[in-house]
1. Could we say that Glu142 is surrounded by fewer than 24 Cβ atoms within 10 Å (Cβ to Cβ), of a type outside the set (Ser, Thr, Tyr), more than 30 Å from Ser42 (Cα to Cα) and touching an Asp or Glu at 6+ places or on another chain (Cβ under 6 Å) here?
2. Kindly indicate whether any position in the range 212-227 is assigned to a helix (DSSP H, G or I), at pLDDT 95 or above and closer than 27 Å to Ala291 by Cα.
3. What single numbered condition from (1) outside the structural domain of Ser224 (by TED's automatic domain parsing); (2) more than 29 Å from Pro36 (Cα to Cα); (3) not acidic (Asp, Glu) fails to hold for Lys293?
4. Name the single residue, out of those in the range 100-114 being out of contact with any helix residue (DSSP H, G or I) (no Cβ under 6 Å at 6 or more places or on another chain) and in contact (Cβ under 8 Å) with a residue 40 or more places away in the chain, that is surrounded by the most Cβ atoms within 10 Å (Cβ to Cβ).
5. Please find, within the range 151-193, the residue that is nearest to Phe104 (Cα to Cα) out of those that are of a type in the set (A, V, I, L, M) and in contact with a Pro (Cβ under 8 Å, 6 or more places away or on another chain).
6. Before we move on, is Ser117 exposed (fewer than 14 other Cβ atoms within 10 Å of the Cβ), without any contact (Cβ under 8 Å) to a residue 40 or more places away in the chain, more than 26 Å from Ala285 (Cβ to Cβ) and over 17 Å from the mean Cα position of the chain (by Cα)?
7. For residues that are under 28 Å from Phe58 (Cβ atoms), of a type outside the set (Gly, Ala, Ser), touching a residue at least 60 places away in the same chain (Cβ under 8 Å) and outside any loop (DSSP other than H, G, I, E, B), tally how many sit in the range 244-285.
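The values are calculated or read from the model by the stated rules, or taken from the named source; none is laboratory data. Note that this is a predicted model, so its numbers are computed, not measured. As a convention, Cβ positions derive from the backbone with ideal geometry for all residues, glycine included, and neighbour counts pool all protein chains shown.
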Amino acid sequence: MKHLLKMLDLSREEITDILNLADQLKYEQRHGIAHPRLKGQSLGMIFQKSSTRTRVSFEAGMYQLGGQALFLSSNDLQIGRGEPVEDTARVLSRYLDGVMIRTFAQSEVEQMAQFGSIPVINGLTDFAHPCQVLADLMTVRELKGKLDGLKMCFIGDGNNMMNSLIVGGLKVGMEVAVAFPAGYEPDSSVLEFAAEYDAEFAAFHTPQEAAQSADVVITDVWASMGQEGEANERREAFAGYCVDENLMKNAAADAVVLHCLPAHRGEEITAEVFEKYAGEIFEEAENRLHAQKAVMVRLMEK
């Protein structure tokens, strides 16, 4: 593994290795065991989309690993004034040991990896959110003791989260069901991948069908960053796609609910369901830190 660009690039073995290391690093942190495995190294963090969890978890994670993180907004870089991504990649490779980029187009992340000579981590694009999904899988394994054979359901937009959860879930042996309104399908490349897992994957336009007997129910906001102008249209399209108590009656009796945050209570999830599973949701948020530290160690440790 040279980079983390999207879940499609990872093998099952690589995912498991990252999760195992994330568990170890979480244990060490909670027991006060220092792990400066990236001492003296620097991570550049390019943000063309704002963030709470991504910035804080990567910055804190690099500090805990003995290195430093540099926050680089698009306003701070020449890339924001028209410098090609390939030139920025080659310059940053002379200064840094790794780059995390949170942006819109997946092609920018791919170009950064193609033209640079240091590891590149996708902190989020419109196509993929691999760091979040690794944290989700870590959380599910903590809560359920396994991944293989569990049913995961995602309800909402065919966005970066749905794309990455479909791929990640299927690769680790989960059954995956998704529900979305017509016109909000996941990416065609993801559906093509999922077609290879015919018996383990199902797509619906009715959330109740997707949630049937699910061990894990996951949702996300209806209008992601950059889609604010579509908010009203999306509220109409996603009416009936709210994770509420009635929907959860279709899931397994011991099902858990996860949300990558931020959550819009009363839209994709009710306040009652969110608070009922808040412990699991905020453990999931914490696990961004541990999963990303594991990714950085695997990519950047000398």
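1. In short, no.
2. no
3. Failed condition: (2).
4. Val109
5. Here the residue is Met162.
6. Yes; evaluated as a whole, the condition is true for this residue.
7. Within the range 244-285, residues that are under 28 Å from Phe58 (Cβ atoms), of a type outside the set (Gly, Ala, Ser), touching a residue at least 60 places away in the same chain (Cβ under 8 Å) and outside any loop (DSSP other than H, G, I, E, B) number 5.
For (1) loosely packed, with under 15 Cβ neighbours inside 10 Å; (2) closer than 20 Å to Pro186 by Cα; (3) of a type in the set (A, V, I, L, M), each residue gets a yes or a no:
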{"position": "Thr206", "(1), (2), (3)": "yes, yes, no"}
{"position": "Ala210", "(1), (2), (3)": "no, yes, yes"}
{"position": "Ile218", "(1), (2), (3)": "no, yes, yes"}
{"position": "Glu230", "(1), (2), (3)": "yes, yes, no"}
{"position": "Tyr241", "(1), (2), (3)": "no, yes, no"}
{"position": "Leu247", "(1), (2), (3)": "no, no, yes"}
{"position": "Val257", "(1), (2), (3)": "no, no, yes"}
{"position": "Glu268", "(1), (2), (3)": "no, yes, no"}
{"position": "Ala271", "(1), (2), (3)": "yes, no, yes"}
